[in-house]
Amino acid sequence: MFIQTEATPNPATLKFIPGRMVLDTGTMEFASREAAARSPLATRLFDVPGITGVFYGADFVTVTKADGDWQHLKPAILGAIMEHYMSGAPLLADGSAGNDEALDEQDEFFSEADAETVATIKDLIETRVRPAVANDGGDITFRGFKDGVVYLNMKGSCAGCPSSTATLQHGIQNLLRHFVPDVVEVRPM
C-alpha cells in the first residue's frame, strides 16, 4: 500500500491520501480522543503523541498536530493508516458508513423568510467552495445566516489555518456577495 502525503495551507495539518475511498459521502471530524472513540482509525491516529485532530474526506485523511516535527510524526501516522487498511477493520466502530452531515444541519440557524437566500448560499458553498477546500484537506459547512452575516464552520486543515481569515474574507465573502446581494459579511463559528 502506498500512501501519498500533501502539505496543506495550515502548517499544523498534513493530508494523507491512502489511494482508496475513505468516506463514501460527506466528511467527518474528530477534534478529541473522546470523539475518535467511534473510529478505529482515528483512535490509532490519536495514539500518536502530539496529534490533536483527525479529519476524513472522500479520499483523504488530514491529521493535525499540536507540536512536534512532521519528519518525526509522519512514519507513525503512515504506519497507523496502513495498519488500519491492511487489517480490514471498518472506518467506524459500529460498521456504519456515516458522516457529519446530519450534525452539521442540526444546529443551523436562519429565519424562514431567508430560506431562499440560504438555499442559494448553500448551493454556492457546495458547488464552489467545498471542492476547493477539499483539495487543501479541509471542509467548510454552512452554520447560519442572520442580519446579512453568513456563519461557516471550518474543519480539517481549514480549522486554525493562518490563511483561513483571508480565505473567508477575500475568497468566500466576495463570492457570496457577488451572487447574493443580501450577504454583508462571512464569519467563522
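Scan the stretch 47-55 and give yes if some residue there is among the hydrophobic types (A, V, I, L, M, F, W, C) and under 14 Å from the mean Cα position of the chain (by Cα), otherwise no. There is at least one residue in the stretch 47-55 that is among the hydrophobic types (A, V, I, L, M, F, W, C) and under 14 Å from the mean Cα position of the chain (by Cα). Just checking, which of 16, 110, 2 is surrounded by fewer than 17 Cβ atoms within 10 Å (Cβ to Cβ) and out of contact with any Cys (no Cβ under 9 Å at 6 or more places or on another chain)? Going through 16, 110, 2 in turn, just one is surrounded by fewer than 17 Cβ atoms within 10 Å (Cβ to Cβ) and out of contact with any Cys (no Cβ under 9 Å at 6 or more places or on another chain): 2. Part of a strand (DSSP E or B), at pLDDT 90 or above and among the charged types (D, E, K, R): does that describe residue 116? Against the criterion (part of a strand (DSSP E or B), at pLDDT 90 or above and among the charged types (D, E, K, R)), residue 116 does not qualify. Out of the residues in the stretch 40-96 that are of a type in the set (Asp, Glu) and out of contact with any strand residue (DSSP E or B) (no Cβ under 7 Å at 6 or more places or on another chain), which is least open to solvent (accessible area, probe 1.4 Å)? For the stretch 40-96, the residue satisfying everything is 69. Might you let me know whether the stretch 24-38 holds any residue that is touching a residue at least 12 places away in the same chain (Cβ under 8 Å), open to solvent by less than 10 Å² (accessible area, probe 1.4 Å) and closer than 21 Å to residue 2 by Cβ? No: the stretch 24-38 contains no residue that is touching a residue at least 12 places away in the same chain (Cβ under 8 Å), open to solvent by less than 10 Å² (accessible area, probe 1.4 Å) and closer than 21 Å to residue 2 by Cβ.
Taking the criterion of being among the basic types (Lys, Arg), under 18 Å from residue 24 (Cα atoms) and either touching a Ser or Thr at 6+ places or on another chain (Cβ under 8 Å) or at pLDDT 80 or above (or both), would at least one residue in the stretch 160-182 satisfy it? For the stretch 160-182, residues among the basic types (Lys, Arg), under 18 Å from residue 24 (Cα atoms) and either touching a Ser or Thr at 6+ places or on another chain (Cβ under 8 Å) or at pLDDT 80 or above (or both): absent.
Being of a type in the set (A, V, I, L, M, F, W, C) and either touching a Ser or Thr at 6+ places or on another chain (Cβ under 9 Å) or not in a loop (DSSP other than H, G, I, E, B) (or both) is a property that residue 89 lacks. Here the condition is being acidic (Asp, Glu) and buried (at least 21 other Cβ atoms within 10 Å of the Cβ); of 136, 123, 147, it holds for 136 alone.
The values are calculated or read from the model by the stated rules, or taken from the named source; none is laboratory data. In this text, all values refer to a predicted model and were calculated from it rather than measured experimentally. Using ideal geometry, Cβ is built from the backbone for each residue, glycine included, and neighbour counts are taken over all protein chains shown. Side chains are part of the model used for accessible areas, which takes the heavy atoms of the whole protein and leaves out ligands, DNA and RNA. Shrake-Rupley method; radii C 1.70, N 1.55, O 1.52, S 1.80 Å.
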